[in-house]
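The values are calculated or read from the model by the stated rules, or taken from the named source; none is laboratory data. Since we're looking at a predicted model, the values are computed, not measured. Note that we place each Cβ from the backbone using ideal geometry, even for glycine, and neighbour counts take in every protein chain shown.
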Amino acid sequence: MTDDTDDSLTRPIDRLIDAMLDTVMTDGWSGVALDAVAAQAGMTTPDAYAVCADRGQLLDAYARRVDVMACADAQPGSDPTARYDELLDILMRRFEALQIHRDAVLRLVREVPADPKTLLQRLPQSQRSFAFLAAAAGYPGTGIPGALVAKALSAVWLATQRDWLRDDTPDLSVTMASLDRNLGRAIDLIGPLLRRTTDVRAGDEAQ
C-alpha cells in the first residue's frame with residue numbers, strides 16, 4: 001500500500017491494520033499471522049503483540065476504526081425522523097469507509113466465515129459496534145433497548161451487505177437504496193418494543 005504518511009506519525013494500531021489488509025490482499029485471511037503482519041508494519045512481533053494479541057483482535061481494531069470514521073461529526077437526533085436520518089447516514093458512511101479497502105474486505109467477507117472460531121469470537125465486537133453506531137444517532141446504546149437495537153442493526157447490515165458486495169455504482173446507490181429499505185423495516189418493527197422497554201424502565205426508576 002502506497003501512503004505518503006510518515007510511518008513515525010502513524011499510530012501502531014493503524015500500521016498493523018493497514019499491514020493486515022495488505023496481507024489479506026496478497027495471501028488471503030489464511031495468510032494473516034501476527035508475526036507476518038508485524039514485519040509488514042515495520043514492527044517487532046512483541047511490539048505488535050502489545051497492541052493486538054492475535055489476528056482476530058486486528059479485525060476488531062479495524063471494525064472500531066471504521067466505526068469511528070462512520071460517526072465523525074454525527075449528531076444524535078432529537079426526534080424519530082432525525083434519529084433515523086442520522087443512523088442512515090452513519091451506516092452509509094460505514095459502507096463508504098469499507099469501500100476504501102473494498103478488495104481486502106471482499107476477501108475477508110468470503111474467507112473469515114471459513115474460520116468458525118474467529119467468526120464466533122468477533123460477535124461481541126459486532127454487537128458493540130452497532131450499539132455504538134446507534135447511540136451516535138440518538139438511539140439507545142445500552143441495556144435491553146440497546147441490545148435490541150444492536151441486534152436489529154446487525155440484521156440490517158447483513159441484509160444490506162449482500163447488495164453492497166455486488167454494487168458497482170460509483171455512488172453506491174444500490175447499497176443506499178437497500179440500506180434505507182432494510183433499516184426502515186427494522187425501525188418500524190422494533191419501534192413499539194423500544195417504547196415498551198423504555199416505558200417499563202422509566203416506571204421502575206420512578207418507584
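Residues being in a helix (DSSP H, G or I) and β-branched (Val, Ile, Thr): count how many of those fall in the stretch 120-173. Give the steps one after another, and end with the answer.
So the first thing to find is which residues in the stretch 120-173 are in a helix (DSSP H, G or I), and the list is 120-121, 123-137, 143-166, 173.
Among the residues that remain, those that are also β-branched (Val, Ile, Thr) are: 144, 149, 156, 160.
The number of residues fulfilling the criteria is 4.
Taken as a whole, the structure leaves Gly184 outside the set of residues that are assigned to a helix (DSSP H, G or I), modelled with pLDDT under 95 and closer than 23 Å to Asp73 by Cα.
In the set (1) of a type in the set (Ser, Thr, Tyr); (2) modelled with pLDDT under 95; (3) exposed (fewer than 15 other Cβ atoms within 10 Å of the Cβ), the condition left unmet by Thr45 is number (2).
The single residue among Ser173, Ser178, Ser154 that is among the hydroxyl-bearing types (Ser, Thr, Tyr) and surrounded by 18 or more Cβ atoms within 10 Å (Cβ to Cβ) turns out to be Ser178.
How about the stretch 1-109: which helices (runs of 4 or more DSSP H) wholly inside it have at least 1 residues that are under 24 Å from Val174 (Cβ atoms) and among the small types (Gly, Ala, Ser)?
Working: elements: 12-27, 34-40, 45-51, 55-70, 80-99.
It comes to 55-70, 80-99.
Screening the candidates Ala48, Ala70, Ala82 for the property of being out of contact with any Phe, Trp or Tyr (no Cβ under 7 Å at 6 or more places or on another chain) and in the same structural domain as Ala38 (by TED's automatic domain parsing) yields one hit, Ala48.
Name the residue that is farthest from Thr169 (Cα to Cα), counting only residues in the stretch 110-127 that are of a type in the set (A, V, I, L, M, F, W, C) and loosely packed, with under 15 Cβ neighbours inside 10 Å.
Of all residues in the stretch 110-127, those of a type in the set (A, V, I, L, M, F, W, C) come to 112, 114, 119-120, 123.
Right, trim to loosely packed, with under 15 Cβ neighbours inside 10 Å and you get 114, 119-120, 123.
Numbers: Ala114: 29, Leu119: 29, Leu120: 32, Leu123: 30 Å.
Applying the filter and picking the extreme gives Leu120.
For (1) within 21 Å of the chain's Cα centre (by Cα); (2) modelled with pLDDT of 95 or more, each residue gets a yes or a no:
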position: Pro124; (1), (2): yes, no
position: Gln161; (1), (2): yes, yes
position: Asp180; (1), (2): yes, yes
position: Leu194; (1), (2): no, no
